[in-house]
Amino acid sequence: MIADHVISSAARFRSFLRNIFRKRAVESDLDRELRSYLDLLSEENERRGLAPAAARREALVALGGLTQVKEQTREVRAGVFFETLLQDVYYAGRVFRRSPGFFVVVASTLALGIGITTALFSIVNAVLLRALPYPDAGRIAWLAEVNENGHRMAVSYPDFQDWRSQSHSFQHMAAYGDTDSTVSNGVSASRVHMAVVTADFFKTFGTSPVIGRTFSAAEHRIGTPPSVLISDSLWRGMFGSAPGVLGRTIKLFGGIPCTVIGVMPAGFDFPANSQLWTTAELIDEGMQSRTAHNFEVVGKLRKGVPMALAQEDVGGIARRIKANFPGTYQGKDAQVIALHEHLSGPVKPSLLMLLAAVGCVLLIVCVNVANLLLARGVARARELAIRGALGAGRARLIRQLAVESLALAVASGVAGVIFAWWTLHILKFLVPISIARVETVTIDGAVLVFAALVSIFSSLLFGVVPAFVASRVDVNETLKQTSAQHTAAGKSRRIGNLLVVSEVALAFVLLIGTGLMLRSFEQMRRQPAGFDSSNVLTAALSFPVLSVKWDAPPDRLQHYQAIASRIRLLPGVRYAAYTSTLPLSGDRRDGHFLIEGYPDLPGFQSDADFRIVSPDYFRAVGTRLMAGRLFSDRDGASDMPVVVINSAMARNVFPKGDALGHRVWFDSFDEKRIFMAIVGIVDNIREDSLIHAPNPAAYVCYTQHQLYLSDTNLVVKVDGHPERFAPAVRRIIGSVDQDIPVTFETLEELSVRSTSRQRFETAMLGLFAWLAVVLAGIGIYGVLSYLVQQTRAEIGVRMALGANSRDILAGILSRGARAALAGALLGLPVILLIARLLSSMLYNVKPFDPLTYVGASVFLLLVALLSSYLPARRATQVEPVDALKYE
C-alpha cells in the first residue's frame, strides 16, 4: 500500500515537472492524442454509414470540441496552478512595461519605507535580538548589589568572594573593573581601555586566547609579577601581529612592567572596548573593605538553573551578609539578570519606540500605495470587466492583482535592501557609541529575512483592499461606459478617504511623540550644568607610575605645575588647570565622610563624590562661587587641609546654611582621620549627566592630595577656538615627558556627547515624523486631486447653477481639514496606549503636555490645508461647459 502511494506520488511529480518544463511537448502529445481519438470516432461513424464530413462532425459533437477538451484537461493536470501563476507574472510584467512611470513611483515609495524599516531593524537586531557572541550566552548573568534605596550598585570584593564560595547556582563567577591606562612597549605609547579581572573571568565567557593562555591561580595572588592578555587589535597595532609576542614586556600605566601571556580573539572586548586584561589583584585598592564597591560581577549559570533560582540563591547570601555586617554602606540585597538584558536594557525602550515609529512610516507608505492602486483600479475597470466577460472568475482577477502587488513588493524589497545598506552607513555615524554592540550592526541573514517578510507583508497590506475593490466589477455596467467610471470611482473614493484618515492618525501619533521628545530634550538642555563649556580645551594626561599603591601615590605635582605655567604664557590662554574628573564624563569616585563633632548621617546621606582639582579649575570652567573662597596657591601641602563643597552637599548636610568652617574627613582620602576645613561652596557641576540631579560633591586641592594624579585632565580656557591651541599644548606636554600620550577634546564636544543618545532618539523620531507628515500630506493631495478629477461634471453643474470659486475652494479645503481632524481624533487613543512608554523617556515633560498637543494639531491642520489647496485651486478653474461635455 505504501509502495503504491510512493510510486503514484513519484509519477505525479514527474508529470508536474514535465508539464512545467516541457509544455510544448505536452501540448503536442495532447493534440495528437485527441486527434487520434477523433479519427477513431470518425471511422466508427463512417462504418455506420455516415459520409466522411458528417462522420467527423458527429465525432466532434460527441467529443465536445477539441479546444474545450484541451481546456478541461489543462485545468486538472499537475502543475496547472504554477502554470497560471507564471502567466500572471508575465502579464504583470507587461502591465508594468505599459506604465513605467507608475511602476517607478510606487516601487520607489515602497523602497523608501522598506529600506528605512530594514536599516533600523538591523540596529535593533544587533543590540536587542542577536545573542551575545559567547558559548551558552543565555547562561551568562550579571550580578549587582542593591542598596537601602533599592538602587543597583557595584560589588565589594569580600562580598563577591562570599557569593562565589556560597552560591550553588553558578558554574563560574568572576569580578571585573575597567579603566583607561597608558601602555608602552619601549617604542611607542598609547592610551587604551583596560580591564582588571578575577579568576574564572574567561571561563565565564567560554573564551580562550588564540595565542597563549589565560591567568594562572598564582598570578591572581597579590604581589605576583603582573601579566596581561591583549586584544587582537592591540596585538596588530602595537606589535604588528608579531607571532613572538608571548613573553614580551609592556609597561602598564606607562611604568609597571607586565608580561604578555596571550592574545584574545578578534571581537572579544568585554567590558566594552577593552584592549587589555590584567589581574584584579594588581590594584589592591579597597580589596579588603566591604564598603568599597568597586567591581562588577558576571557568572555562568549551571545547566538547567533558571535565572529566578539564581536570584533567590545570591539574594539570600546578600541578606545574610547584611545581617552579619550591618553597616550603612553594606548592600541589603542582590540582583541577578541576564547579561544580554543588562547590556541592552538602557536602550531597549528607545529602540523599540523608534522601530514602532518607522513601522508607522511604513504603514503610511502602504496606505499611499493602496490609494494609488485604488485609483488605478478604477482606470482598469473596463479591462477587468472584459476579462470577466471572457470567463475569468473573481478569484482569478484577485490573484492577478495580488501577483502584480507581490511583484511590486519584490522589486521594492530589493531596492529597499540596497537603500538600507546605504542608510546604515550613515546611521553608524549617528548612533551613539555608548549603545552596547552598536559596532556589530550589519545586514546579515536575519535582516534579509526581515526585509523579505516586510516586503510580503507590505504587498498584502497595500494590495489586498485594492484587489478586492477592483475585482468587484459589474460587467454590464462597466461595459456601458457611461456610468461605470462614476460607480467604480465612488467605491474607491470612500475606501481612499478611510485610508487617508488612518495615515493622518499615524502621522499625528508620530508628531505628538516627536513634540514630546523635543520638549524633553529642550528641558534637559536648559538644566543648569554648573559650568561654561565654551572655549575650553581638555587633554587627558597619563604620567608613568612604577607601582599602584593606595597609600603612596606618585608625586607629579612639579610636572603639572611646569606644564600649566608654560601653557599660561601662550597668547590667548586665560587659565590652565587640572581635575581628576571632567564634567558630564560619567566618571564617579565617591566615598564616606564624617563631619567633625557630628554623628554619622543615616542611610547614604554621608556619601559624596570627590574630585582633585587645581586652584584655577573653577575659574577655567566658569563655575560660580556661592560662598567663602576658592583654592589658592597658598593652600600647600604643609598648610591646613581645606575642601570646597558644592551646593548639593551644603544643602543636604548643612540645611541651616552654616557649612563654612566645619571640618570634614573622607575615608577615601586618608585612613587616618585628617579633617579638612570647608572654605568654599560652589555651584553644582553636573558630573554624571544633565538628566540626573547633581550629587553631593567635595573638591580638594591637588597640592594637598595627589591621589589619582597619575591620570588627570588638563583644562585650558582660551580666547577663540580651542582646537587651534592643541598643537602648542602638545609641544609643551612633550617637553616635560615626550612619552605621555595625549588625547584632546573640547568641553563643548564632551557636553554634546553626554546627550548623544537623547539627541539621536529625538533626531530619528523627528525624521520619521517629518516623513509621516509629508506622506500624509501627499495622501490628502492625491485623494482630493482624484476627487476633483472624478467630480468635474458635478463641479461644472454647481458652477453653472451659480456656485462661485470661493464656495468650491472652501468645499475642497474643508474636506482636507475634516481628514486632519478625523485623523487626530483617531490617533488620540493610540497616544493614550503608549503614554506609559513615553513617560519613561521624557524629562520634566508630561505625556499629556497641552502645548505639544495643540502645536501638533495646528501643524497637522496647516499641512492638510496646504495639501488641499492645489486640488481646490484646480477645482475652481473648471469650466462648466467643458466639464459637462463628459456627460
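The values are calculated or read from the model by the stated rules, or taken from the named source; none is laboratory data. These numbers come from a predicted model, not from an experiment. Please note: Cβ atoms are built from the backbone with ideal geometry, for glycine as well, and neighbour counts cover all protein chains shown. These accessible areas exclude ligands, DNA and RNA; they are computed on the full protein's heavy atoms, side chains included. Shrake-Rupley method; radii C 1.70, N 1.55, O 1.52, S 1.80 Å.
Some notes on this structure:
- Residues in region 168-194 that are touching a strand residue (DSSP E or B) at 6+ places or on another chain (Cβ under 7 Å) and within 18 Å of Ile140 (Cα to Cα): Ser169, Phe170, Gln171, His172, Met173, Ala174, Ala175, Tyr176, Gly177.
- Look at region 129-143: where a residue is at positive phi and a partner is open to solvent by 10 Å² or more (accessible area, probe 1.4 Å) and basic (Lys, Arg), sitting 6+ places away or on another chain with Cβ atoms under 8 Å, you get Asp136/Lys300.
- Test result for Pro265, open to solvent by less than 50 Å² (accessible area, probe 1.4 Å), outside any strand (DSSP E or B) and over 23 Å from Arg588 (Cα atoms): yes
- Taking helices (runs of 4 or more DSSP H) as the structural unit, those lying wholly within region 741-843 and holding at least 1 residues that are among the small types (Gly, Ala, Ser), open to solvent by less than 20 Å² (accessible area, probe 1.4 Å) and at pLDDT below 85 correspond to 756-790, 792-800, 805-833, 835-839.
- Output for region 676-702, where each listed residue is buried (at least 20 other Cβ atoms within 10 Å of the Cβ) and of a type in the set (Val, Ile, Thr): Ile678, Val679, Ile681, Val682, Ile685, Val700
- Counting only strands (runs of 3 or more DSSP E) wholly contained in region 567-675, the ones carrying 1 or more residues that are hydroxyl-bearing (Ser, Thr, Tyr) and surrounded by 21 or more Cβ atoms within 10 Å (Cβ to Cβ) occupy 573-579.
- Every condition in (1) modelled with pLDDT under 85; (2) at positive phi; (3) of a type outside the set (Phe, Trp, Tyr) holds for Gly720 except the one numbered (1).
- Annotation: of all residues in region 183-199 being farther than 18 Å from Ser156 by Cβ and more than 32 Å from the chain's Cα centre (by Cα), the one that is most open to solvent (accessible area, probe 1.4 Å) is Val187.
- Residue within region 418-441 that is among the aliphatic types (A, V, I, L, M), assigned to a helix (DSSP H, G or I) and buried (at least 21 other Cβ atoms within 10 Å of the Cβ) present: yes
- Ser274 part of a helix (DSSP H, G or I) and under 30 Å from Glu761 (Cα atoms): no
- Being at pLDDT below 80 and surrounded by 13 or more Cβ atoms within 10 Å (Cβ to Cβ) is a condition met by no residue of region 847-856.
- Some residue of region 645-657 being within 40 Å of the chain's Cα centre (by Cα), among the β-branched types (Val, Ile, Thr) and farther than 23 Å from Tyr560 by Cα: yes
- Yes/no for Phe253 being at positive phi and in contact (Cβ under 8 Å) with a residue 40 or more places away in the chain: yes
- Within region 550-598, being within 19 Å of Asp711 (Cα to Cα), modelled with pLDDT under 90 and of a type in the set (Phe, Trp, Tyr) holds for Trp550, Tyr560.
- None of Thr179, Thr214, Thr207 is open to solvent by 10 Å² or more (accessible area, probe 1.4 Å) and either closer than 12 Å to Leu229 by Cα or touching a Pro at 6+ places or on another chain (Cβ under 6 Å) (or both) except Thr214.
- Looking only at region 321-350, and only at residues there that are modelled with pLDDT of 85 or more and open to solvent by less than 20 Å² (accessible area, probe 1.4 Å), the one that is farthest from the chain's Cα centre (by Cα): Ile321
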